[in-house]
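Worksheet: one structure, shown below.
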Amino acid sequence: MLATLERIELLDQADQLAKMVLESEIVEHYQICLYKMQNNKETQRKINRFVNLKELYEEVQRFGKYHPDYKRVMTQIREYKREMDLDPLVAEFKLAENDLQAILDEISMLIGGSVSKHIKVPTGNPFFDSGHGSGCGGGGSCGCG
């Protein structure tokens, strides 16, 4: 593959974009939230308790209601998940993670759209996936196919 001036310029612009994202306030806030969550003993206790029970939960799921610990595990997994999700540091991290994902989705849509309006960029976000971004399922009647 020959390196043309256009390709080198494109790579430089991609590097600049990546640098701008990494130096953004959103990424800084995400990293701060991640650090706080990872370094809080009580938060980590809640996360680890949930993760450990999740392994047993997956085993129980294979057998369903016929597993001897089904009811206990199903109740505990919901309790542990709720406790983990309601932890302020976990909640703050999830919000920061969603904000970062929204920016990355928007950038992906802009880049994809600049190449062609027919490029489908899976974002997992219904806001971006609505319309013709990831296919409407209308059998092509809308003209997106």
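Brief remarks follow.
- Those lysines that a straight Cα-Cα span of less than 27 Å connects to Lys120, excepting residues fewer than 8 apart in one chain: Lys19, Lys94
- Exposure proxy ranking, count of Cβ atoms within 10 Å, fewest first, for Ser116, Ser24: Ser116, Ser24
- Taking a sphere under 14 Å around the Cβ of Val60 and counting the other residues whose Cβ falls inside, with K and R at +1 and D and E at -1, yields a net charge of +2.
- Mean Cα-pair separation over length for the stretch 42-114, i.e. relative contact order, pairs under 8 Å, 6 or more apart, %: 33
- Candidate cross-link partners of Lys71 among the aspartates and glutamates, defined by an alpha-carbon separation under 15 Å and a same-chain spacing of 8 or more, comprise Glu58, Glu59, Glu79.
- Net charge, Glu83 excluded, C-beta distance under 11 Å - Lys, Arg +1, Asp, Glu -1: +2
- Cβ-based exposure ranking for Leu17, Leu5, in which fewest neighbours within 10 Å come first: Leu5, Leu17
- Checking every one of the GluC sites (Glu not before Pro) in the stretch 1-99 against DSSP loop status and a limit of 13 other Cβ atoms within 10 Å picks out Glu23.
Where a number appears in this text, it was derived from the coordinates with a stated rule and is not lab data. Just so you know, these numbers come straight off a predicted model, no measurement behind them. As a convention, Cβ positions derive from the backbone with ideal geometry for all residues, glycine included, and neighbour counts pool all protein chains shown.
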